[in-house]
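First comes the structure, then the notes that go with it.
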Amino acid sequence: MTTRRIGLIGCGDVSVVHIEAIRDIEGLELVGVADTDPEALARATAATGVPGFASTQELIDAVGPDAVHVTTPHHQHIGPSLTALEAGVHVLQEKPLAHTLDEGRRLVDALARIPAGGPKVGICFQNRYNLASRRLHEMLGSGELGAVRGAWASVVWTRSAEYYRAKPWRGTWEGSGGGLLINQAIHTLDLVQWLLGGVERTDGHVATRKYADVIEVEDTADLLLHHPGGITTSFYATLTAPQHRPVEIELDCENAYVILHGGTDGGLTIRWADGRVETLAERSVTSGGRSYWGVSHELLIRDFHERIEDPEPFWIGPGEAMASLEILKEAYRLSGVGG
Ligand SMILES: NC(=O)c1ccc[n+]([C@@H]2O[C@H](COP(=O)([O-])OP(=O)(O)OC[C@H]3O[C@@H](n4cnc5c(N)ncnc54)[C@H](O)[C@@H]3O)[C@@H](O)[C@H]2O)c1
């Protein structure tokens, strides 16, 4: 396989996971990094030894990458991604799709105008690569669980005020387009809608319960997601807990009650109606970067690059990523919040 030359756009916290994956995956080579913040850029060039640039366009013009990984704040996702697409460069972009629905649609529309064989776009919903998520998706597809009667999901995590103070975009509507739902719980929203055939209607409410003196955006949400076939998911999420609890997705099915737990000790437990109990442990952590509920980041990055020459679009593209954005934006609309 010829070496694929990668540019990294945005050299903050999550960029470390991408840099490690690019280093560890055979056939990938980091050829440049870009950041609008000179200090972040200096740290990244020192750590990686590749040239640094102040913008996506400058990086593309100077080093001509085959692909870029976009790891910028939410309101800076679509600009770099469109710049790369217009230059014929593949894009692997961090979640969420965008900080607003309109921005998200710009990327969906731009991709639709690209003829077959053109650049690809993938969005990092890496939890779809977790063993438990994949197995559950397979089991739902095969019909062995029987009809789903209802679901429960929760994301009960903790964040400090310092988390927001360190990167102020995270706490603003303008920079982030939301809080807990668009930044943290979006992975679980995406999994639930992927597992249960999408969301037709969202009810619910969001609130800022603990950090109102630090952030504009929500830190707590309770939703009822309506899926096709009259199934609903009760969804609770908060960042106000004293410690992280494992993410939970539970499905009440005709033939079994299924419990998916996130985290490094997580996995799948299937309590069959006939009394058998089956378990599947999640993979242990492979990346030195984010190690909690994101061990599959490297798998997604690897898969994106392995499939880049395939004729069909990457399976988690902007259209797929629109689903979670639409759910959470509806929750904001119903709660009368948003920028
Ligand atoms: N998939 C996951 O599990 C996961 C985990 C963490 C973060 N993320 C996502 O990664 C993204 C970045 O998060 P972070 O915590 O690393 O943020 P961060 O603030 O730590 O880093 C972002 C970097 O991008 C730079 N930047 C801003 N605008 C830019 C532009 N136009 N061009 C180039 N650089 C620019 C900033 O200066 C900063 O250094 C967010 O979208 C976040 O939601 C995803």
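The values are calculated or read from the model by the stated rules, or taken from the named source; none is laboratory data. Quick caveat: nothing in here was measured; it's all calculated off a predicted structure. Every residue, glycine among them, receives a Cβ derived from its backbone with ideal geometry; neighbour counts consider all protein chains shown. Ligands, DNA and RNA are stripped out before the accessible areas are found, and what is left, the full protein with its side chains, is counted by its heavy atoms. Shrake-Rupley method; radii C 1.70, N 1.55, O 1.52, S 1.80 Å.
For the chain, give the percent of accessible area contributed by carbon and sulfur heavy atoms, probe 1.4 Å, rounded to a whole number.
Of all accessible area on the chain, carbon and sulfur atoms account for 49 percent.
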Packing rank of 215-226, 239-250, 267-278, where each peptide gets the mean count of other beta carbons within 10 Å, highest leading
215-226, 239-250, 267-278
Quick check: the angle from helix 15-24's long axis to the longest principal axis of the chain, C-alpha only, nearest 10 degrees?
80
19 Å cut-off, amide nitrogen to a point 7 angstrom out along ALA281 Cα→Cβ, residues in the stretch 223-256
246-247
Whole-number value, in Å³ per residue, for the convex hull of the alpha carbons of the stretch 170-265 is 112
For the chain, accessible area per residue (1.4 Å probe, heavy atoms of protein chains only), Å²:
42
Residues other than ASP274 with Cβ under 13 Å of its Cβ, Lys/Arg counted +1 and Asp/Glu -1, net out at -1
Helix-only estimate, please: 222 nm mean residue ellipticity of the chain, summing -39500 (n - 2.57) across DSSP H runs of length 4 or more and dividing by its residues, to the nearest 500.
-9500 deg cm²/dmol
Filter the chymotrypsin sites (Phe, Trp or Tyr not before Pro) in the stretch 228-265 down to the DSSP loop ones having no more than 12 other Cβ atoms within 10 Å, then list what survives.
none
Treating the angle as unsigned and between 0 and 90°, give the value, to the nearest 10°, between the Cα long axis of helix 38-48 and the longest Cα principal axis of the chain.
90
Using only C-alpha positions, report the orientation-averaged shadow area of the convex hull of the stretch 68-182, nm², one decimal.
9.9
Ignoring solvent entirely, what values of log10 I(q)/I(0) come out of the Debye formula for the stretch 4-125 at 0.16, 0.17 Å⁻¹ when each Cα is a single scatterer?
-0.69, -0.78
Taking 0.36 nm per residue of separation and subtracting the Cα-Cα distance, what length does fully extending GLU309 through TYR236 add?
22.3 nm
Of GLY12, ALA44, ILE25, which is farthest along the charge dipole of the stretch 4-125 in the positive direction, counting Lys and Arg as +1 and Asp and Glu as -1 at C-beta?
ILE25
The chain, relative contact order in percent, only Cα pairs under 8 angstrom and at least six apart counted
19
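Compute the convex hull volume of the Cα atoms of the chain, divide it by the residue count, and report the result per residue in Å³ as a whole number.
134
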Enumerate lysine pairs in the chain that are 8 or more residues apart or on different chains, then count those whose Cα atoms are under 24 Å apart.
6
Can you run phi through the Karplus equation (6.51, -1.76, 1.60; θ = phi - 60°) for the stretch 87-97 and list ³J(HN,Hα) in whole Hz, with x for Gly and Pro?
8, x, 9, 4, 10, 10, 10, 5, 6, x, 3
Would you compute, for the Cα atoms of the stretch 182-339, the largest minus smallest coordinate along each principal axis and list the three values in descending order, in whole Å?
45, 43, 35
Output ³J(HN,Hα) for the stretch 257-271: one whole-Hz value per residue in order, computed from phi by the Karplus curve 6.51 cos²θ - 1.76 cosθ + 1.60 with θ = phi - 60°, and x for Gly and Pro.
9, 10, 10, 9, 10, x, x, 5, 9, x, x, 10, 10, 10, 9
